[in-house]
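**Q** Could you have a look at this structure, given as structure tokens, before my questions?
The values are calculated or read from the model by the stated rules, or taken from the named source; none is laboratory data. Bear in mind the structure is a predicted one, so any value in this text is a computation, not a measurement. Every residue, glycine as well, gets a Cβ built from its backbone with ideal geometry; the counts of neighbours run over all protein chains shown.
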């Protein structure tokens, strides 16, 4: 069974990514990054990015991650907050712990594209 099938397919993924994006938008620690963003557009790209990683026949159509996030000056702690929100949504969605670990590791591998800070560092 593929990772996408284990979570329940594309509809389940859509629900996961929608809830994840909603929580990020509404979060007191990182929500300000999204104040001028189009929630629907962010959901679309988050879904595409996750679907492509999970092996669905869907391509991510957004800008390269570095270019899309560069202007925001996202710090390591803020990136970690996003990962925590993702972990919580995946756990609430009853995603297998092994897949959650892989998903978080994949997101962690993108850290330098998003923050420019290695590890969990929070400096300027």
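**Q** Here is a check on your reading of the model: is residue 49 within 13 Å of residue 110 (Cβ to Cβ) and modelled with pLDDT of 95 or more?
**A** Numbers: within 13 Å of residue 110 (Cβ to Cβ): yes; modelled with pLDDT of 95 or more: yes.
Yes, satisfied.
**Q** Moving on. Is there a residue in the range 2-20 that is part of a helix (DSSP H, G or I), out of contact with any helix residue (DSSP H, G or I) (no Cβ under 8 Å at 6 or more places or on another chain), closer than 19 Å to residue 79 by Cβ and modelled with pLDDT of 95 or more? Walk me through it before giving the result.
**A** As a first pass, look at the range 2-20 and keep what is part of a helix (DSSP H, G or I): 3-7, 10-20.
Next, from what is left, pick out any that are out of contact with any helix residue (DSSP H, G or I) (no Cβ under 8 Å at 6 or more places or on another chain): 5, 11-12, 15.
Narrowing the set further to residues that are closer than 19 Å to residue 79 by Cβ leaves none.
No, because not a single residue in the range 2-20 is part of a helix (DSSP H, G or I), out of contact with any helix residue (DSSP H, G or I) (no Cβ under 8 Å at 6 or more places or on another chain), closer than 19 Å to residue 79 by Cβ and modelled with pLDDT of 95 or more.
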